[in-house]
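None of the figures in this text is laboratory data; all of them are computed from the coordinates on show. Source: prediction; values computed, not measured. Neighbour counts run over all protein chains shown; Cβ positions are idealised from the backbone, glycine included.
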Amino acid sequence: MAEIIWGLATSHVPSIGAAMDNHKTTDDYWKPLFDGYAPAREWMADHAPDIAVIIYNDHANALDMSIIPAFAMGTSDHYAVADEGYGPRRVPNVVGAPELSEHLLVNLMDEGFDLTVLQDLDVDHGLTVPLSVYTPEPGEAWPCAVVPILVNVLHYPQPTAQRCLDLGEALGRAIRSYPEDIKVAVFGTGGMSHQLSGERAGLINEEFDRNFLTRIEKDPQSLAQISREDYIREAGSEGIEMIMWLVMRGAVGDDIRRVHDTYHVPASNTAAALALFATPEGDADSSEQQGALHG
Ligand code: DHB
Ligand code: FE
């Protein structure tokens, strides 16, 4: 059966991707952020999944505002990197996992989550930057296949935080019922506090962010109680992206260990964070150990 080995929450700020693409990660501006990632990256590299389920939002790159699914899933065997205005990032296209997509789609539908099916999807920074946070130098190909799950965080009314946590719990059950012996990682992306436009552009609420970072581990239910209006009031119009972390948190379940986290301001004019949680299956599994056993 499939196992969930870890969950990663990470911001997906485009300039974090650009810093990697343009070899600026050791510049004074970027070094503290990337130093903060290092322990998590090391651990993840030693605990490689076969497939990543990545919860993210499209930023009006693949889906314009004419059709706005609350939740959607990519079901393709490949996803091209979106051109967001400067040409596509020079990173590998994403290989899909259509059999797992299909399994998850059916199981989520049976649990009452009716996801829109996207058979054709270009993935934007919301998905590719988290992949780069996991694997900074993928070479010719990303190290795992991907199932994208999309959440509408752009257009009122966004799904409630509670609905996101509940979707995550159903997603966890669906992944664990997949009959193949594969290792799966779940990514929750976006956040932390940020507002990109309007009077409050540049808003950072460190107190809210740090509280969220603490409670995502021990008390996700309390974060599920926060209304969409309060996410936006406290964390900015785009800070509501944090509800996507709750999908990841629901999927990994309560028996988790915080491997590492880091919080950094600013990245662009946003707050950025990463939090990595291992499941018992993840802690028991190490690519290095397996290399030693099999080698
Ligand atoms: C920016 C864009 C994002 O989608 C995000 O989540 C954070 C920052 C930006 O354009 O700076
Ligand atoms: Fe975003």
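Is one or more of the residues making up segment 1-8 under 30 Å from Tyr178 (Cβ atoms), away from ligand 2 (no atom under 16 Å from the Cβ), of a type in the set (A, V, I, L, M, F, W, C) and in a loop (DSSP other than H, G, I, E, B)? Among the residues of segment 1-8, at least one is under 30 Å from Tyr178 (Cβ atoms), away from ligand 2 (no atom under 16 Å from the Cβ), of a type in the set (A, V, I, L, M, F, W, C) and in a loop (DSSP other than H, G, I, E, B), which makes the answer yes. Being among the acidic types (Asp, Glu) and either buried (at least 19 other Cβ atoms within 10 Å of the Cβ) or assigned to a loop (DSSP other than H, G, I, E, B) (or both) is the filter; apply it to segment 208-227 and report the residue that is nearest to ligand 1 (Cβ to nearest atom). Going through the qualifying residues, I end up with Asp209.
Tell me yes or no: at least one residue of segment 57-72 is outside any loop (DSSP other than H, G, I, E, B) and acidic (Asp, Glu). Taking every residue of segment 57-72 in turn, none turns out to be outside any loop (DSSP other than H, G, I, E, B) and acidic (Asp, Glu).
Which is in contact with a Phe, Trp or Tyr (Cβ under 7 Å, 6 or more places away or on another chain), surrounded by fewer than 21 Cβ atoms within 10 Å (Cβ to Cβ) and more than 25 Å from Phe212 (Cβ to Cβ), of Pro92, Pro88? None of the others qualify; the one that does is Pro92. Of all residues in segment 43-56, those satisfying the criterion of being touching a Ser or Thr at 6+ places or on another chain (Cβ under 8 Å) and either within 16 Å of ligand 1 (Cβ to nearest atom) or assigned to a strand (DSSP E or B) (or both) are Ile54, Ile55, Tyr56. Inspect all residues belonging to segment 206-217 and state whether any of them is within 16 Å of ligand 2 (Cβ to nearest atom) and either in contact with a Gly (Cβ under 7 Å, 6 or more places away or on another chain) or in contact (Cβ under 8 Å) with a residue 60 or more places away in the chain (or both). So far as segment 206-217 goes, yes, one or more of its residues are within 16 Å of ligand 2 (Cβ to nearest atom) and either in contact with a Gly (Cβ under 7 Å, 6 or more places away or on another chain) or in contact (Cβ under 8 Å) with a residue 60 or more places away in the chain (or both).
Okay, residues lined up against (1) away from ligand 2 (no atom under 16 Å from the Cβ); (2) among the β-branched types (Val, Ile, Thr); (3) over 30 Å from Ala271 (Cα atoms):
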{"site": "Asn22", "(1), (2), (3)": "yes, no, no"}
{"site": "Asp27", "(1), (2), (3)": "yes, no, no"}
{"site": "Gly36", "(1), (2), (3)": "yes, no, no"}
{"site": "Pro39", "(1), (2), (3)": "yes, no, no"}
{"site": "Asp46", "(1), (2), (3)": "yes, no, no"}
{"site": "Ile54", "(1), (2), (3)": "no, yes, no"}
{"site": "Thr75", "(1), (2), (3)": "yes, yes, yes"}
{"site": "Ser101", "(1), (2), (3)": "yes, no, yes"}
{"site": "Met109", "(1), (2), (3)": "yes, no, yes"}
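Every test in (1) more than 16 Å from ligand 1 (Cβ to nearest atom); (2) buried (at least 19 other Cβ atoms within 10 Å of the Cβ) is passed by Leu33 save one, and that test is (1).
Could you tell me which residue of segment 193-204 is farthest from ligand 1 (Cβ to nearest atom), considering only residues that are out of contact with any Leu (no Cβ under 8 Å at 6 or more places or on another chain) and not charged (D, E, K, R)? Among those residues, the one meeting the criterion is Gly198. Of all residues in segment 179-207, those satisfying the criterion of being of a type in the set (Val, Ile, Thr) and assigned to a loop (DSSP other than H, G, I, E, B) are Ile182, Ile204. Of all residues in segment 154-178, those satisfying the criterion of being among the hydroxyl-bearing types (Ser, Thr, Tyr) and either closer than 30 Å to Ala45 by Cβ or in a helix (DSSP H, G or I) (or both) are Ser177, Tyr178.
When segment 228-259 is limited to residues that are touching a Gly at 6+ places or on another chain (Cβ under 9 Å) and in a strand (DSSP E or B), the one that is farthest from Met192 (Cα to Cα) turns out to be Arg257. All told, Leu104 meets the bar of being in a helix (DSSP H, G or I) and over 21 Å from His155 (Cβ atoms).
Ala251: within 16 Å of ligand 2 (Cβ to nearest atom), under 14 Å from the mean Cα position of the chain (by Cα) and surrounded by 18 or more Cβ atoms within 10 Å (Cβ to Cβ), yes or no? Spelling it out, it is not the case that Ala251 is within 16 Å of ligand 2 (Cβ to nearest atom), under 14 Å from the mean Cα position of the chain (by Cα) and surrounded by 18 or more Cβ atoms within 10 Å (Cβ to Cβ).
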